[in-house]
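Step one of this worksheet: look at the structure below.
We did not get these values from a lab; they are worked out from the coordinates using the rules stated. For clarity, every value in this text was computed on a predicted model and none was experimentally measured. Note that each Cβ is placed from the backbone with ideal geometry, even for glycine, and that neighbours are counted across all protein chains shown.
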Amino acid sequence: MFSSLRSLWMVFLKMFSKRVTIEYPEQKAYLAPRWRGRIVLTRDPDGNERCVACNLCAAVCPTDCISLQATEDENDRRYPDYFRINFSRCIFCGLCEDACPTYAIQLIPDFEMGEYNRQNLVYEKEDLLISGMGKYHGYSYYEQAGVAVGVKPKGGGENELDPVDVRTLLP
Amino acid sequence: MNDTLFHILIIVGVLLGSVTIAAGLIYVERKMLAVWQQRKGPNRVGPFGIFQVLADMVKIFFKEDWIPPFVDKKLFIVAPTIIMLTILMSFAIIPFAPSWVVADLNIGLLFVLAMSSLGAYTIILAGWSSNNKYSLLGGVRGAAQMISYEVFMGLSIMGVVIQTGSFRLTDIVEAQQNIWFVIPQFIGFIIFLIAGVAETHRLPFDLPEAESELIAGFHSEYSGMKFGMFFVGEYLGITLVSALITVLFFGGWLGPAFLPPIIWFLIKMFCFILFFVLLRATLPRPRYDQLMSYGWKLLLPLALLNVLVTGAIVLLNA
């Protein structure tokens, strides 16, 4: 009985304490940099697509909302022909970001993607691609990789030795 | 002629006033709950969200008024009207200010008790006609709760009646010129308050409609304006109980003369309405058997004892 009265009084005193409401459209809540929101495709420092169309994101996606088709350009550089994310299915789990070997696919702190038409939630590559590098600055997959696709000559990458002519290594 | 006109004005005023207050309570309750939960509450529709009531009303009028095919159609339609009817009838005997009363019955208090007993029909009929186990459980609970709390709701105000010697509410208010009955009848006041909460089946005694157990209890199957009538009926009930507490224990319209009597009445009434909301914001719902044993084993003997002691003192002084 006493505790009921005490809690009545304490709840009454809440009248004078600070409100915790964040009035959303006018006031935005703080979203951490690694907050998992809208998915973007980033570019490397040269402004080319990072995505190499390896399909790992599509494979790991628990809701199968990523769809892409790999293709190659004249330098044999792999890139997605189309890259499609159905955000009406996406659960923003971030597994695609974890799976991506080239830091291409990233989740950014933005959730304001409401649409009246469900079909508008299917984002194509041009909707997903951003012009910047996202969370990983200065990283370029083809600068590190051993293959030459027009970014650098064979053996010209960072931490990469000159190519070896296997035929000269004979004893 | 003038008297008749005045009387009609009062009838219309009480009817419109009580329904308006009850509808306005939708806003008051949401806002005050928010205030006590450190939120902001409705603040989008109009300044401070005061047009929220209108928005809610418009919304509920445009909702589909669905009558499920398996219900007992006649009772299903009649049930929500009863609660509005009985509570609005009870408002007829509330004196809001000197001579501002629709029907100054000499059995006023008994009339209120009778009407609030009839209110139990709403819950039973709604629960029964819905043809749904949750509704039925809610209806049965509601019936048991209202009937058992009715008993000592009546007994708790007998102390006031003994001290006044009249069932007429105007007499009861005038008997409080020297001292409000809340002081000599403090136990009666507490019991009446608790019984009032149970009678309007408000939280913490909202077992007939306990969301976590019974979906929405007796009004699970209701939608649209029929649901709205239950809703407004509940708020009307709060207003009625607050008005009764004001009349019986807090001197009705009496107060220092710098404000007109009706204002004093409304101020006191709103204090109790806010207290009802505060109760809702604070207390958890008891278990059903706890509710029953609390009523029969604690409050009923206490109410009887209160009647006994009051009667003895009145006899000694006489």
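Residues of the range A:71-105 with an amide N closer than 12 Å to a point placed 7 Å from the Cα of A:Gln119 along the Cα-to-Cβ direction: none. Taking amide H as placed 1.01 Å from N in the peptide plane, the amide H of A:Val122 sits under 5 Å from that of A:Phe87, each at least 5 places away or on another chain. Taking a straight line from the alpha carbon of A:Lys152, these aspartates and glutamates sit under 20 Å away, with near neighbours fewer than eight places off in the same chain left out: A:Asp44, A:Asp46, A:Glu49, A:Glu72, A:Asp73, A:Glu74, A:Asp76, A:Glu143, A:Glu160, A:Asp162, A:Asp165.
What is the order of B:Ser18, B:Ser117, A:Ser3, fewest Cβ neighbours within 10 Å to most? Display every interim value, and only then the final one.
Working: B:Ser18 21, B:Ser117 16, A:Ser3 7.
Result, fewest neighbours first: A:Ser3, B:Ser117, B:Ser18.
Taken as entire DSSP H runs, the helices of chain B that both span 30 Å or more between Cα atoms along their own long axis and average 0.5 or more on the Kyte-Doolittle scale are B:2-36, B:108-129, B:133-156, B:224-249, B:261-282.
Could you give the dipole magnitude of chain A about its Cα centre, charging the beta-carbon of Lys and Arg +1 and that of Asp and Glu -1, in debye to the nearest 20? Numbers along the way, then the final one.
Details: 20 positive and 24 negative charges, 259 e Å.
For this selection, approximately 1240 debye.
What is the sum of charges around B:Ile83, taking Lys and Arg as +1, Asp and Glu as -1, for the other residues whose C-beta is under 14 Å from the C-beta of B:Ile83? Local net charge: -1. Is the range B:178-265 rounded, prolate or oblate when judged by the Cα gyration tensor, a ≥ b ≥ c being the square roots of its eigenvalues, rounded requiring a/c under 1.5 and prolate requiring a/b larger than b/c? Oblate.
Label separation (A:Ala145 vs A:Ser3): 6.4 nm, computed from points 7 Å beyond Cα along the C-beta direction. Taking the charge dipole of the range A:39-171 about its Cα centre, with +1 at Lys and Arg Cβ atoms and -1 at Asp and Glu Cβ atoms, the residue from A:Thr42, A:Ala70, A:Gly156 reaching farthest to the positive side is A:Ala70. In a reduced charge model with +1 at each Lys and Arg Cβ and -1 at each Asp and Glu Cβ, the protein assembly as shown shows a dipole moment near 1460 debye about its Cα centre. Computed from Cα atoms, the angle from the helix A:2-13 axis to the main principal axis of chain A rounds to 70 degrees. In this simple spin-label approximation, A:Asp81 and A:Met10 carry label points 7 Å from Cα along the Cα→Cβ vector, and these lie 6.6 nm apart. If one computes the Cα centroid of the range A:28-82 and of the range B:117-178, what distance in Å separates the two points? If you average the Cα positions of each part, the centres end up 67 Å apart. For chain B, a crude dipole built from +1 on the beta carbon of Lys and Arg and -1 on the beta carbon of Asp and Glu, taken about the Cα centre, is about 700 debye to the nearest 20. Simple rule: put +1 on each Lys or Arg Cβ and -1 on each Asp or Glu Cβ in the range A:39-147, find the dipole, and look at A:Gly138, A:Cys61, A:Tyr103; the Cα lying farthest toward the positive end is A:Cys61. Separation of the range B:81-103 from the range B:185-256 is 16 Å, based on Cα centroids. For the range B:9-105, what class follows from the C-alpha gyration tensor (a ≥ b ≥ c being the square roots of its eigenvalues): rounded when a/c is under 1.5, otherwise prolate if a/b is larger than b/c, else oblate? It is oblate, given that a/c is not under 1.5 and a/b is not larger than b/c. Using 0.36 nm per residue and subtracting the Cα-Cα separation, the extra length available between A:Tyr136 and A:Thr63 on full extension is 23.7 nm. Taking 18 Å as the straight-line reach from the Cα of B:Lys73, the aspartates and glutamates in range (excluding those fewer than 8 positions away in the same chain) are B:Glu64, B:Asp65, B:Glu221.
Positive-end ranking of B:Ala198, A:Phe92, B:Leu109 along the dipole of the protein assembly as shown, with charges on Cβ about the Cα centre, is headed by B:Leu109. Amide hydrogen proximity for A:Leu129: with H placed 1.01 Å from N in the peptide plane, the residues at 5 or more positions away or on another chain lying under 5 Å are A:Leu41. Shape call for the range B:57-148 from the C-alpha gyration tensor, a ≥ b ≥ c root eigenvalues: rounded (a/c under 1.5), prolate (a/b greater than b/c) or oblate? Cα axes put the range B:57-148 in the oblate bin. The range A:9-26 and the range B:13-69 have Cα centres separated by 20 Å. Ellipticity at 222 nm from helices only: DSSP H runs of n ≥ 4 in the protein assembly as shown, each -39500 (n - 2.57), divided by the residue count, give -16000 deg cm²/dmol. Comparing A:Leu129, A:Leu161, A:Leu31 in a Gaussian network model of chain A (Cα springs below 10 Å), the most mobile by mean-square fluctuation is A:Leu161.
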